[in-house]
Amino acid sequence: MIVTTSDEDIPAGGGSMRALVAQPAARGRYPAILFYSDIFQLTGPMRRASVRLAGHGFLVCAPEIYRRIEPPGAAIPFDDAGRTRGLEDAAKTPVADFDADCRSALDFLARHPAVAPGRIGAAGFCIGGHLAFRAALQPEVKATVCFYGTGIHNGRLGKDADAGSLQRAGEIRGPLLLVWGASDPHIPEEGRAAVARALRQNGVTFSERLYPAEHAFMRDEGPRFDPEATDRAFADAIAFFRRSLE
């Protein structure tokens with residue numbers, strides 16, 4: 001599908017939240033995906049991933065996750081200073097602020113004329129995988145893909161010492177797809193096992209895909225990019241969303 005994109009300012013907490021919206025060019029109503037970035041916000045790789053997903057028949061909304069700290073349109077560079085900046089921005093953001101912005105984005109999608117009613121999913125990379133997991137706690141989110149979501153297993157997210165995300169897993173109503181890299185030091189084998197164990201104990205429907213890849217293997221810039229694993233992970237996610245959001 002041919003895709004159109006726009007940068008939109010979503011009403012959020014008395015202010016606004018910049019978001020990339022990518023959608024099929026053909027008129028219609030489509031399932032929507034709330035798509036979270038990694039710590040670098042809406043970089044080239046994140047924009048390309050959003051367009052790629054939209055091209056399979058989804059309206060994709062990718063919000064800036066540090067709207068209270070960074071100016072609108074700020075994409076953080078992929079270098080040591082940028083990594084420090086992104087991590088510091090995360091450490092300044094309470095989980096309650098992330099959750100409030102999730103609500104604002106979901107409300108935006110619920111009102112959007114090109115979104116099919118009752119067909120909203122979530123996805124995200126790295127910290128965004130954890131934010132997508134928390135989006136799955138909302139009843140209108142029908143399906144969620146977490147691409148190497150950091151901190152889910154140990155509660156580390158933002159300013160809070162423990163976000164308590166796994167402890168709330170029983171609130172998840174839709175299915176999950178968890179995508180991991182086997183060589184990812186941020187989510188070791190025991191961390192992946194802890195997530196799976198908590199989901200099973202809470203009766204959550206989920207599946208996992210483990211690729212022989214590193215953290216951030218789907219970011220198409222830098223030395224960790226794995227094109228084959230990326231293609232397979234996208235194919236898994238698209239098939240999952242098509243099954244779950246029909």
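Output the residue which, of all residues in the stretch 36-48 that are in contact with a Gly (Cβ under 9 Å, 6 or more places away or on another chain) and hydroxyl-bearing (S, T, Y), is surrounded by the most Cβ atoms within 10 Å (Cβ to Cβ).
Y36
Looking at (1) assigned to a helix (DSSP H, G or I); (2) open to solvent by 30 Å² or more (accessible area, probe 1.4 Å); (3) farther than 20 Å from F35 by Cβ, can you tell me which one A239 breaks?
Evaluating A239 over (1) assigned to a helix (DSSP H, G or I); (2) open to solvent by 30 Å² or more (accessible area, probe 1.4 Å); (3) farther than 20 Å from F35 by Cβ leaves (3) as the failure.
Could you please let me know if I33 is touching a strand residue (DSSP E or B) at 6+ places or on another chain (Cβ under 7 Å), open to solvent by less than 10 Å² (accessible area, probe 1.4 Å) and either modelled with pLDDT under 95 or not in a helix (DSSP H, G or I) (or both)?
So I33 fits the description; yes.
How many residues, within the stretch 161-203, are touching a helix residue (DSSP H, G or I) at 6+ places or on another chain (Cβ under 6 Å), farther than 18 Å from D38 by Cα and open to solvent by 10 Å² or more (accessible area, probe 1.4 Å)?
The qualifying residues number 4.
Could you check the stretch 49-147 for strands (runs of 3 or more DSSP E) lying wholly inside it with 2 or more residues that are in contact with a Pro (Cβ under 9 Å, 6 or more places away or on another chain) and either hydroxyl-bearing (S, T, Y) or open to solvent by less than 10 Å² (accessible area, probe 1.4 Å) (or both)?
Counting at least 2 such residues, we get 115-125, 141-147.
Anything in the stretch 7-27 that is more than 14 Å from P72 (Cα to Cα) and exposed (fewer than 14 other Cβ atoms within 10 Å of the Cβ)? List them, or say none.
G13, G14, A25, A26, R27
Based on this model, can you work out whether A161 counts as among the aliphatic types (A, V, I, L, M) and free of Cβ contacts under 8 Å to residues at least 40 places away in the same chain?
yes
The values are calculated or read from the model by the stated rules, or taken from the named source; none is laboratory data. Keep in mind it's a predicted model, so treat the numbers as computed, not measured. We place every Cβ from the backbone using ideal geometry, glycine too, and count neighbours over all the protein chains shown. When the accessible area is computed, the model is the full protein with side chains, heavy atoms only, and any ligands, DNA or RNA have been set aside. Shrake-Rupley method; radii C 1.70, N 1.55, O 1.52, S 1.80 Å.
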